[in-house]
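Chemist: Can you read through this structure? Questions will come right after.
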């Protein structure tokens, strides 16, 4: 199974980088909205994440969610964890799973949010591994994560 999944990830690397960027951005944003509306429709869960940020100023909240959090999370959860686990285990699938599990565990606002963060973490880890150049991989994942957070921020703030 590991070989099958690694082969599929390798095939993704054949997609032109700009199209791959848009593909993963689209997957993550679409998943976030579909999942959020599904959970809201069936379970009526309050927005716990926003409740934790309500006392922050608008500019600080924007910088935190669009720059600082994605930069730190990409550095730790995609770059560091994936590179270390791949070096130790030589197994990309274990690296993807470890990255996604740690990413999800730090987004423990409620059960539904952890599930969402796990899926997004899987997608970000897979996206990271589709690039041979680690610097390009880092910045590509950072920008996808930032744009996703910006879209969510705009939606939560203005709509």
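Chemist: Taking only Cα atoms, what is the 0 to 90° angle, nearest 10, from helix 134-158's long axis to the longest principal axis of the chain?
Modeler: It works out to around 20 degrees.
Chemist: How far is helix 111-129 tilted, in degrees, relative to the longest principal axis of the Cα atoms in the chain, given as a value from 0 to 90 rounded to the nearest 10?
Modeler: 40 degrees
Chemist: Between region 81-159 and region 18-47, how many Å separate their Cα centres?
Modeler: With region 81-159 and region 18-47 each reduced to a Cα centre, they are spaced 14 Å.
Chemist: So, by mean Cβ neighbours within 10 angstrom, what's the order for 29-36, 125-132, 79-86 with the highest one leading?
Modeler: Output ranking for 29-36, 125-132, 79-86: 125-132, 79-86, 29-36.
Chemist: Quickly estimate the mean residue ellipticity at 222 nm for the chain, helices only: each DSSP H run with n ≥ 4 gives -39500 (n - 2.57), and the total goes over all residues, rounded to 500.
Modeler: -24500 deg cm²/dmol
Chemist: Let me ask something else about it. For the chain, take N as its residue count and report Rg(C-alpha) divided by 2.2 N^0.38 Å.
Modeler: Here the answer is 1.05, to two decimals.
Chemist: Going by how many other Cβ atoms sit within 10 Å of their own, how do 68, 28 line up, fewest first?
Modeler: 68, 28
Chemist: Could you please rank 134, 11, 20, placing first whichever residue has the fewest other Cβ atoms within 10 Å of its Cβ?
Modeler: The fewest-first ordering by Cβ neighbours comes to 11, 134, 20.
Chemist: Follow-up question, since we're still on this one. Between residue 30 and residue 10, what length in nm is gained on full extension when 0.36 nm per residue of separation is reduced by their alpha carbon distance?
Modeler: Additional length available on full extension: 4.9 nm.
Chemist: Sorting 158, 21 on the 10 Å Cβ count, fewest up front, what's the list?
Modeler: The most exposed by this proxy come first: 158, 21.
Chemist: Related question: Stretch residue 106-residue 155 to full length: gain in nm at 0.36 nm per residue minus the Cα-Cα span?
Modeler: That works out to 15.4 nm of additional length.
Chemist: How far, in degrees from 0 to 90, does helix 17-43 lean away from the longest principal axis of the Cα atoms of the chain, to the nearest 10?
Modeler: Approximately 40 degrees, to the nearest 10.
No lab work stands behind these numbers, since they all come straight from the coordinates. Quick caveat, the model's predicted, so the values are computed rather than measured. Every residue, glycine among them, receives a Cβ derived from its backbone with ideal geometry; neighbour counts consider all protein chains shown.
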